[in-house]
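Have a look at the structure below before the remarks.
Laboratory data are not the source of any read-out in this text; all were calculated from the coordinates shown. Note that this is a predicted model, so its numbers are computed, not measured. Note that we place each Cβ from the backbone using ideal geometry, even for glycine, and neighbour counts take in every protein chain shown.
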Amino acid sequence: MNDRLYSIAAPVRHRGLFTLCVSFILIALLASACGSSGGSSSSSGSSSSTIKLYMIPKFTGIPPFTQADQGAQQFAQQFGYQLSYGGPTSSSATQQVQFINNAVSKGYKGIFISADDPAAVTPALQRAQQNGVTVVSYDSDVLPAGRTAYVEGTSAQQIADIQLQMLGSQINYSGDFVILSAQATDSNQVLWNKLLVQDLQTNPKYKNMHLVTTINPPDDSTPTAVQYAQSVLKEYPSIKGIIAPTTIAVAAAAQVVKQEGVCNKYVVTGLGDPKQMESYVTSGCVKQFALWGFAREGQVAMCAMHAILTHQITGKQGDTYTCGNLGSFTVGAEGTVTAGPPTVFTKDNLDQYTF
């Protein structure tokens, strides 16, 4: 404003007050601008135009899901998305539904989810889709109606094959065994166990191996898995091994076998996290276990989400998309994408992996 015109229009004593007010306004604006630049440590940079995505694991607090989030975060930053991560602290489909509803109400445009109970969470996901939210499931699928694509860590058939091979090779392909699984509502576990039983019945190599029972504890907590592993040894003392297709159960079974001093009597194998299994492998109590890269699974899921949001794919069989240096991925039957092959861990290669 022109000072001379102002001095004519107002008394001089008001000029200082005006200047002071302008100064305060400028300071407030600067403070507001600086304050808006901060962000949560669990997400990439944000702005009013940034698309927000939310990742919901079965439950938080275990390495595999943390690693999947870390992998997804890497590509979220490259694509310019804001990715938040959160979920129940223990397995609960009811709480997952609450996280879904909260994400929708807060304006998130994409949801990743590893389902605790597919039938229980799918209706909430369908409502989310009706509100314009894109859904990609990972690790544990929802019902197909509740998502556009499902990214599995590795193929279900490969998991069934590798688990039988790991156990069979250590018991001379002969003898009884038990599957210590997760909850009966875990869709991935149900499929893996079904395929394993089919292999057992149709592959001549396994004709002398007998599955005594499949155990589904009521929850996926470590204390419960330990309790059921102890019960297995008491109820089925003549078995030769335990297959545990869950990181929590295989570590619990290894813990129980080691504590009871029967590592030479029972073979424990299945799907485990290298860091959780390290002490059991180095001690010789567990000879082999397998897993896939959860960070890679998160990366491939994020690339699938990006391909859907940018209209590169629709989730139909035969769609293809690229994922940085990981290469190209093809959508299979029922919108399923396989992130990669499983890795078998032994004492010889365990120290090569940090996930």
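Tabulated data
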{"quantity": "Dipole in debye (nearest 20) - the chain, about Cα centre, beta carbon charges: Lys, Arg +1; Asp, Glu -1", "calculated": "840 debye"}
{"quantity": "Cβ-based net charge around S187, under 9 Å, with every Lys or Arg adding one and every Asp or Glu removing one", "calculated": "-3"}
{"quantity": "Dimensionless Rg/Rh of the chain - Kirkwood Rh, Rg from C-alpha atoms", "calculated": "1.17"}
{"quantity": "Cα convex hull of segment 156-291, projected area averaged across orientations, nm²", "calculated": "7.1 nm²"}
{"quantity": "Exposure proxy order (Cβ contacts within 10 Å, fewest to most) of V97, V331, V250", "calculated": "V97, V331, V250"}
{"quantity": "In Hz, Karplus ³J(HN,Hα) per residue of segment 241-247 (6.51, -1.76, 1.60; θ = phi - 60°; x = Gly, Pro)", "calculated": "x, 10, 9, 10, x, 8, 4"}
{"quantity": "Relative contact order (%) - criterion: Cα under 8 Å, at least six apart; region: the chain", "calculated": "17 percent"}
{"quantity": "Farthest positive-ward along the chain dipole, Cα basis, beta-carbon charges - from S328, M209, S174", "calculated": "S328"}
{"quantity": "Proxy reagent accessibility, fewest Cβ within 10 Å first, across H311, H210, H306", "calculated": "H311, H210, H306"}
{"quantity": "Whole-Hz ³J(HN,Hα) from phi, Karplus 6.51 cos²θ - 1.76 cosθ + 1.60, for segment 319-336, glycine and proline x", "calculated": "4, 10, 8, 9, 9, x, 6, 7, x, 9, 10, 10, 6, x, 4, 6, x, 9"}
{"quantity": "Sequence of F79, F289, F177 once ranked by neighbouring C-beta atoms within 10 Å, starting from the fewest", "calculated": "F79, F177, F289"}
{"quantity": "Sequence-distant residues sharing a close amide H with G175 (under 5 Å, placed H)", "calculated": "M209, H210"}
{"quantity": "Mean Cα-pair separation over length for segment 79-189, i.e. relative contact order, pairs under 8 Å, 6 or more apart, %", "calculated": "23 percent"}
{"quantity": "Percent of beta bridges antiparallel (DSSP, the chain, rounded to nearest 5)", "calculated": "15 percent"}
{"quantity": "Long-range HN-HN contacts of T336 with modeled amide H, under 5 Å", "calculated": "Y150"}
{"quantity": "Only Lys, Arg (+1) and Asp, Glu (-1) charged, at Cβ; segment 204-355 dipole about Cα centre in debye", "calculated": "520 debye"}
{"quantity": "Note, ³J(HN,Hα) from phi for segment 258-267, Karplus 6.51, -1.76, 1.60, rounded to Hz, x at Gly and Pro", "calculated": "5, 5, 8, x, 10, 4, 7, 9, 10, 8"}
{"quantity": "Under-5 Å amide H pairs with M55, H placed in peptide plane, nonlocal only", "calculated": "S84, Y85, G86, F112"}
{"quantity": "Angle in degrees between helix 118-130 and the longest Cα principal axis of the chain, rounded to the nearest 10", "calculated": "30 degrees"}
{"quantity": "Cross-link reach list, aspartates and glutamates versus K109, counting only Cα pairs under 18 Å and skipping chain neighbours closer than eight places", "calculated": "D69"}
{"quantity": "Among S90, S231, S181, residue whose mean-square fluctuation peaks in a GNM of the chain (springs only between Cα atoms under 10 Å)", "calculated": "S231"}
